[in-house]
Amino acid sequence: MPLYGLGILTFLVQFACAAHVVRTDRPWLWIIPIVLLPWIGCATYLLVAVLPDAVRASRPIRRMSHDAASIADPGTSYRRKKRDMETIGSAQTKRVFAEECIKRGQFQEAIDLYTSALEGAHSEDPALLHGLARARLLASDGAGAQAAFESLKSISPADFTADARLDLARALALQGKNDEAKAQYELLVPTYPGEEARCRYALLLLQMGDAGGAQRLFREIVDSMRGAPGYYRRRQREWLNIAKRDLRR
């Protein structure tokens, strides 16, 4: 590059760095190396002052940092969400903390949080209703889960998803309402994305004494895995293993 062009480029880089110092209200001492040692000063400014802020402001980087911190200290996320719930006390913070409690197997605490969050203006919030129903199911409260799922279906049919329908079938089976659960599974299995519904239905049929129907479903699960993409096989590994275990050779 001709010296004239290099001089212009140097000036533009200096000007950009100096303008950034002023615009971001950084210490004016940065101007000295930028002016007196153009390339070294500008490079130092970018590496020391600009780059670290850019990294900290990056959402993926923040997420990675948070995940790393959670792995290093599994209680960090729990304590932070609990603190937010206690200090803010909103329906949202209660929902977030309830989800954390479910991860830890603290189902009754999650139920209490969802119940509290559903009071007042949020009494028909679909996300809270689904969370409450799920927490009750995991706490083996089949009747309570069924009631919450039916409320969700009545209030917001669009939020009565395939997963909610699956959990309703499980809640019915938990109460011994096997015929109702069977009817739910028969409607759900053909459209459910994955093998969980088919597998749980097969297990219910075994419980009801329909070994032939259960074997047919287990065979369908095993056959569906042949030639399936690796990512799908990994996601469905639990249900495939159950099907192989209970499939008669």
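Cα centroids of the range 144-207 and the range 213-237: 20 Å apart. Spread over its residues, the convex hull of the C-alpha atoms of the range 189-249 is 75 Å³ per residue.
Magnitude of the charge dipole for the chain, about its Cα centre and with charges confined to Cβ atoms of Lys, Arg (+1) and Asp, Glu (-1), is about 920 debye. In this rough spin-label picture, where each label sits 7 Å from Cα along the Cβ direction, the Arg80-Glu180 distance is 4.2 nm.
Computed from Cα atoms, the angle from the helix 126-138 axis to the main principal axis of the chain rounds to 60 degrees.
Against the main long axis of the alpha-carbon atoms of the chain, helix 91-103 sits at an angle near 70°. Taking other Cβ atoms within 10 Å as a rough exposure proxy, Trp39, Trp239 sort from fewest to most as Trp39, Trp239. Rounded to the nearest 20, the Cβ-based charge dipole of the range 194-249 about its Cα centre (Lys and Arg +1, Asp and Glu -1) stands at 260 debye. Note on Glu220 and Arg23: their simple-model spin labels are 6.1 nm apart, each label 7 Å out from Cα toward Cβ. Take 175-182, 194-201 and order them by the average number of nearby Cβ atoms within 10 Å per residue, most first; the result is 194-201, 175-182. Size of the range 75-177 from its Cα atoms: along the principal axes, largest to smallest, the extents are 41, 28, 19 Å. Take the Cβ atoms of Leu187 and Thr87, set R0 to 51 Å, and the FRET efficiency comes out at 0.70. Converting the Cα gyration tensor eigenvalues of the chain into ellipsoid dimensions via √(5λ) gives semi-axes, longest first, of 56, 26, 15 Å.
Pairs of Lys residues in the range 75-177 are counted when their Cα atoms are under 18 angstrom apart and they lie 8 or more places apart or on different chains; the count is 5.
Sequentially through the range 178-186, phi angles give Karplus couplings (6.51, -1.76, 1.60; θ = phi - 60°) of 5, 5, 5, 5, 4, 4, 4, 5, 4 Hz, Gly and Pro residues having no value and appearing as x.
Ordered by the number of other Cβ atoms lying within 10 Å of each residue's own Cβ, fewest first, Lys244, Lys81 fall into the sequence Lys244, Lys81.
Quick note: the coordinates plus some simple rules give every number you see, no bench work behind them. Source: prediction; values computed, not measured. In this analysis, Cβ positions are derived from the backbone assuming ideal geometry, glycine residues included, and neighbour counts consider all displayed protein chains.
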